[in-house]
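This report refers to the structure that appears directly beneath it.
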There are 2 protein chains.
Amino acid sequence: MQFRGRTVAAFVALTVAVTVLATLTLSDQWVALGSGKPTAAADGSGQSGLTGTETGKLGAVMNLIEQKYFREVDRAKVVDGAISGMMEALGDPYSVYMEKTSAQHFSESIEGSFTGIGAEVTLQDGKVTVVSPIKGSPAEKAGVLAKDVLISVDGESLEGVALSDAVAKIRGPKGTKVKLVIARAGVSTPVHLVLVRDDIDYETVYANLRDDGVGVIEIRQFSLNTGERFLEELAALEKKGMKGLVIDVRNNPGGVLPVVVSIAQPFVPKGKPIVMVEDRTGEREKTLSKGTGKDYPVAVLMNKGSASASEVLAGALKEAGGAVLVGETSFGKGTVQVSYDKATGDGSLVKMTIAKWLTPDGNWVHENGLKPDIESLPPDYYTVARLSKAKTQLPDTIGEDNRSLQIMLAALGYKTDRKDGYFSAETAEAVKQFQKQAQLPVTGEVDKTTAEKIEESLIVLIRNEQNDSQLNKAIQVVSQKAAK
Amino acid sequence: MQFRGRTVAAFVALTVAVTVLATLTLSDQWVALGSGKPTAAADGSGQSGLTGTETGKLGAVMNLIEQKYFREVDRAKVVDGAISGMMEALGDPYSVYMEKTSAQHFSESIEGSFTGIGAEVTLQDGKVTVVSPIKGSPAEKAGVLAKDVLISVDGESLEGVALSDAVAKIRGPKGTKVKLVIARAGVSTPVHLVLVRDDIDYETVYANLRDDGVGVIEIRQFSLNTGERFLEELAALEKKGMKGLVIDVRNNPGGVLPVVVSIAQPFVPKGKPIVMVEDRTGEREKTLSKGTGKDYPVAVLMNKGSASASEVLAGALKEAGGAVLVGETSFGKGTVQVSYDKATGDGSLVKMTIAKWLTPDGNWVHENGLKPDIESLPPDYYTVARLSKAKTQLPDTIGEDNRSLQIMLAALGYKTDRKDGYFSAETAEAVKQFQKQAQLPVTGEVDKTTAEKIEESLIVLIRNEQNDSQLNKAIQVVSQKAAK
């Protein structure tokens, strides 16, 4: 699964991809452990809860809904709505209520595992296509192969289905069966498979050592198993004689606080702070390193999608570990959440901001982010929107699709005079050049086939790591420092 | 105040304008009267309310918020959030919770009155300018004149302030004082005035009789006093020998159900249904007319902003009164709300959908709207967005501002080859023509001055009723019928 798809977010989704909103999470227990203070009772059995007036007001509205609303109502949904509304009233996007299903997805994400079949998929020529099955997963065991095209899931056709909807159909609870019909190159009849969904651990850490001695470790998110995996990979790289390290946390939305602390620790000399947590009374608690620091140069590669735990790491390594920050200003999320999964007693979960976190020097990154020491912006085609292909794009028209087209053509080396969405004569000329080289009818108009071919060429370009200018910059910085 | 500003919504806001979301409202009492059934107790004192489990769950979350959230919290806001969340969970945009201030604005709107100074204002050359003071209002009594420019309110400058924000500063509770500084043409020093805010009744009905004998009555919304006002104006027109009637409910968002019933009644022969209300059990209650019908032709002029009570009127007059519908398909809102203002006991209000309403023939217009018998679409310049004026618009660029520019130039009679937002050579030529006629420097570029002059010309065009093609169509239909 060594697939560097995360930089092509617009083009690839994974069955393994679970959305983690920018988060920095603690379990309720960890808070208690961390602060040394007992956790206040929060199960509704305590002394407080709602006052009589509050209960009366909420009850009156519930009565109106039950007795007067023009449709039958699911009471449980109304109560869920009330809790969501309470959290929304806080005005903090990171304090949210999740009903049972969302809560489960969130927990899976934090655990770095999910239940499913374990196949990465993408859309290719509009079809749901397997990128690779994950080692040891039901998909691999059943013989699903890379490039297999999924035709249907449990009898439901995937034709024209959005990738995220396809993924939703494929995933499901552990132990349940799913029927796949697959089209495979070189096999004339569709392949029918029945898979039993299982727990799938997904990889959050990818490491490699380059010929020049620079190691690159990419961390996709800080799940519970990420700390251990990082330290394994770090030890392996060091054993091979690594001369410098790039830690790549681009588009890493965060994760679990103790995990990022365990990852930062080796890079921060003993006794120096890694992070400070400040509660609402203003009391600060420092987490001090027990590590030793490293004698090789380290760069943290970040972008505007690097949030929360990623920023804890970047802040600690820069301010207390002497690392260099490369890339873009980070997301800017300086708060700590706790997942309260027992408060409501029904599998739902309250994730609530309980503190600010500060860098070793006492900076609060919230809404500002961390600035890179060495800025490196991604090329515009990394984030370009896909072509809609709804209708043929014609010269002398304007539109978002034309803008994307111009960015793609320029990325592929064709001459375009503008990237503003006006389909100029020069844009048409570039389209003709592309069509000629791709052996398509040379029309200067972008029909579905031309659009698909342009996108395929762009995906090839993006997947080639040599074109990753931000990563190259970080490697260069580390190389130069290592050479001194 | 005979100002037909409602068709120029993008350009004019009024101090008297109170937003009524598409609504069809009953008070709790009217429901009881209307249905002949007693209203169920809904004050929280009844037998039901929240169950122990529900109270426990909500209380647990309140405890977490009180004890753990990283900032101090206003409990009342959290409870308001809970109620909003309960209403949102219904998935019905017309069922909403309004806290005290919103509730008061809503009630004012339903009553057709508000507290303020009673002046219509608009933005002219970026300045808050009085269109006209309302008869008998504090503004009129204090000597505020049309074209007065408001410089400051209570010492706060209005320079660069959005119109809606300016209006918010001017309005306030009855009996409170407001200090205005006014610039007046022909007066060298600013005029200082102190006004005492009062209840302002605003007009919802405008009537006139044309030379050709066709009467036009515009109803802006169905407030509590609208029925009486309509019947007054109708009687006056009939007395003057009206030969046919256009009832204009364009952009009329609705109002109070018994009011629209009273307005429809004269046009629907005795015993025929005006409207049917269907509760959640499917039981239908017909409201039958006690009227006689009219022997002159009637057209209802509507557009996609004609909602709710407007659609009740259009449906009744077409299906039971033989009227012709002219204009555009209406908004499509087929439900009835009740305002429960006593349930929560603190000035807040729960507006909740309690029934569907159906036309005399049993059609439910919800989400579909009523189709006109004779379609007449407004010209594109009626809804064009204002120019942002943030920077000079230049040839060979694209953007929304260019699109608006092209629509405006075409409306003003200048030749433009396109309206897609590409600033073509022909667009530049049209700009030059305009600049020449307006005696501006002829640059072919649209700077702030040129943009303002173009908009001013457009406003003159729009305010001229002779250019109102939808109204003209409706008048023509009625005229032709009357001539037969």
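The values are calculated or read from the model by the stated rules, or taken from the named source; none is laboratory data. All of these numbers come straight from a predicted model, not from anything done at the bench. So basically every Cβ, Gly included, is an ideal-geometry build from the backbone, and we count neighbours across all protein chains shown. Keep in mind that these areas ignore ligands, DNA and RNA; they rest on the heavy atoms of the full protein, side chains included. Shrake-Rupley method; radii C 1.70, N 1.55, O 1.52, S 1.80 Å.
Where q = 0.17, 0.19, 0.20, 0.22 Å⁻¹, what log10 of I(q)/I(0) comes from the Debye formula for the range A:380-465, counting one point per Cα?
Once normalised to I(0) and log-transformed, intensities are -0.58, -0.74, -0.82, -1.02.
Normalised by the residues of the range B:106-241, what does the relative contact order come to in percent, with Cα pairs under 8 Å and at least six apart?
Relative CO of the range B:106-241 lands at 24 percent.
Which number do you get for Rg(Cα) / (2.2 N^0.38 Å) in the range B:48-204?
1.45
Per residue of chain B, what 222 nm ellipticity follows from adding -39500 (n - 2.57) for every DSSP H run with n ≥ 4, rounded to the nearest 500?
-9500 deg cm²/dmol
Please state the charge dipole magnitude for chain A, taken about the Cα centre, from unit charges on C-beta atoms (+1 on K and R, -1 on D and E), reported in debye and rounded to the nearest 20.
Magnitude of the dipole: close to 680 debye.
From the label point of B:Lys448, set 7 Å from Cα along Cα→Cβ, how far away are the matching label points in the other copies, in nm, ordered shortest to longest?
Going from nearest to farthest copy, the values are 5.0 nm.
For A:Asn368, place a label point 7 Å from Cα along the Cα-to-Cβ direction in every copy; what are the distances to the other copies, in nm, shortest first?
For A:Asn368, the other copies' label points sit at 5.9 nm, shortest first.
Taking K and R as +1 and D and E as -1, what net charge do the other residues with C-beta under 9 Å from the C-beta of A:Ser376 add up to?
-1
Hey, can you find the accessible area per residue of chain B for me, probe 1.4 Å, expressed in square angstrom?
Using a 1.4 Å probe on heavy atoms only, each residue of chain B averages 44 Å².
Roughly to the nearest percent, how much of the accessible area of chain A is carbon and sulfur, given a 1.4 Å probe?
51 percent
Tell me, what is a quarter of the convex hull surface for the C-alpha atoms of chain B, in nm² with one decimal?
Computed as one quarter of the Cα hull surface, the answer is 28.7 nm².
Please compute, for peptide A:340-352, the average count of beta-carbon atoms on other protein chains lying within 10 Å of each residue's beta-carbon.
3
Pairs of Cα atoms under 8 Å, at least six residues apart: use those to get the relative contact order of the range B:380-465, whole percent.
With pairs under 8 Å counted, the relative contact order is 31 percent.
Go through the range A:151-236 and name the GluC sites (Glu not before Pro) that are in a DSSP coil and have 15 or fewer other Cβ atoms within 10 Å of their Cβ.
Listed in order of number, the matching sites are A:Glu159.
Could you size up the charge dipole of the range A:380-465 around its Cα centre, putting +1 on the beta carbon of Lys and Arg and -1 on that of Asp and Glu, and report it in debye to the nearest 20?
For this selection, approximately 160 debye.
List for the range B:89-112: residues with 30 Å² or greater reduction in accessible area, all protein chains versus chain alone, probe 1.4 Å?
B:Ala89, B:Leu90
Counting only C-alpha contacts under 8 Å and six or more residues apart, can you give the relative contact order of the range B:68-144 as a whole percent?
About 16 percent, as a whole number.
Starting from the amide H of B:Ser376, placed 1.01 Å from N in the peptide plane, find each other amide H under 5 Å away whose residue is 5 or more places distant or on another chain.
Correct list: B:Gly327, B:Glu328.
Before we go on, tell me the buried accessible area for the A/B pair, both chains summed, 1.4 Å probe, in Å² to the nearest 100.
Result for this pair: about 6000 Å² buried.
Using a 7 Å offset from Cα along the direction of the beta-carbon, what are the separations from B:Ala76 to the same position in each other copy, nm, ascending?
3.5
Output the antiparallel fraction of DSSP beta bridges having both residues in chain A, as a percent to the nearest 5.
Within chain A, antiparallel bridges account for around 70 percent of the total.
Taking every Cα atom in the range B:327-481, find the radius of gyration and the maximum pairwise distance Dmax, and write them in Å.
Rg then Dmax for the range B:327-481, in Å: 22.5, 64.
Over all alpha-carbon pairs of the range A:98-171, lay out the pair-distance distribution in 10 Å bins, whole %, shortest bin first.
The distribution over the range A:98-171 is 19, 46, 30, 5, given as percents.
Would you mind giving the three semi-axes, in whole Å and largest first, of the ellipsoid equivalent to the protein assembly as shown according to its Cα gyration tensor?
56, 38, 32
Kirkwood Rh over Cα pairs of the range B:288-380 into Stokes-Einstein at 4 °C, 1.567 mPa s: D in µm²/s?
88 µm²/s
Consider all pairwise Cα distances in the range A:142-227 and report the whole-number % of them above 23 Å.
I get 45 percent for the Cα pairs in the range A:142-227 exceeding 23 Å.
Treat each spin label as a single point 7 Å out from the Cα along the C-beta direction, and report the A:Asp346 to A:Ala236 distance in nm.
Going from the A:Asp346 label point to the A:Ala236 one covers 4.6 nm.
From the square roots a ≥ b ≥ c of the eigenvalues of the alpha-carbon gyration tensor of the range B:186-303, which class results: rounded (a/c under 1.5), prolate (a/b over b/c), or oblate?
oblate
As an exercise, identify the chymotrypsin sites (Phe, Trp or Tyr not before Pro) in the range B:402-484 lying in DSSP coil whose Cβ has no more than 15 other Cβ atoms within 10 Å.
none
How far is the Cα center of the range B:324-352 from the Cα center of the range A:209-241, in Å?
With the range B:324-352 and the range A:209-241 each reduced to a Cα centre, they are spaced 60 Å.
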